[in-house]
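The values are calculated or read from the model by the stated rules, or taken from the named source; none is laboratory data. Owing to the predicted nature of the structure, the values given are computational and were not obtained by experimental measurement. Quick reminder, even Gly has a Cβ in these numbers, built from the backbone with ideal geometry, and neighbours come from all protein chains shown. Remember, those area values only see protein heavy atoms, side chains included, never the ligands or the DNA or RNA. Shrake-Rupley method; radii C 1.70, N 1.55, O 1.52, S 1.80 Å.
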Amino acid sequence: MTFELLLVLAAGLFSTGLFGALSQQSIVMIMMGIELMIGGVIVAAADFWHFLAPAAGSGQVVIVAAVVAMAVEMAMGFAVTTAIYRARRVDMTDMAEDLKG
């Protein structure tokens, strides 16, 4: 795949995730949108790294570390969301406003 095509893919993933995160009220759907946005950033970073230094292995290590960090973040987010739902039956962002106090 060419450099430009992968950047278009990354922009598509990011914009789809941004639309999903901003247009939904379900906490899980917002988290899925954030996941898509992070995936788009990772694809763009990998593409830039491959374009600038294709022989360097350090770029691959950074990308794998970013994917692992994204997976851990999403697992923690879903755990918190599940705990909030079990405690108070809250699954929408409007209903979660009373959790401040």
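General observations
- Single residue of V64, V43 found to be loosely packed, with under 13 Cβ neighbours inside 10 Å and either of a type in the set (A, V, I, L, M) or touching a Lys or Arg at 6+ places or on another chain (Cβ under 7 Å) (or both): V64
- Condition broken by A96, with the remaining ones in (1) more than 25 Å from I27 (Cβ to Cβ); (2) at pLDDT below 90; (3) hydrophobic (A, V, I, L, M, F, W, C) satisfied: (1)
- Filtered residues of the stretch 6-40 (kept if open to solvent by 60 Å² or more (accessible area, probe 1.4 Å), at pLDDT below 95 and over 30 Å from T93 (Cβ atoms)): none
- Every condition in (1) within 12 Å of the chain's Cα centre (by Cα); (2) open to solvent by 90 Å² or more (accessible area, probe 1.4 Å) is met by M76 except one, and the failing one is (1).
- When V8, V28 are checked against the criterion of being out of contact with any Lys or Arg (no Cβ under 9 Å at 6 or more places or on another chain) and in contact (Cβ under 8 Å) with a residue 12 or more places away in the chain, a single residue qualifies: V28.
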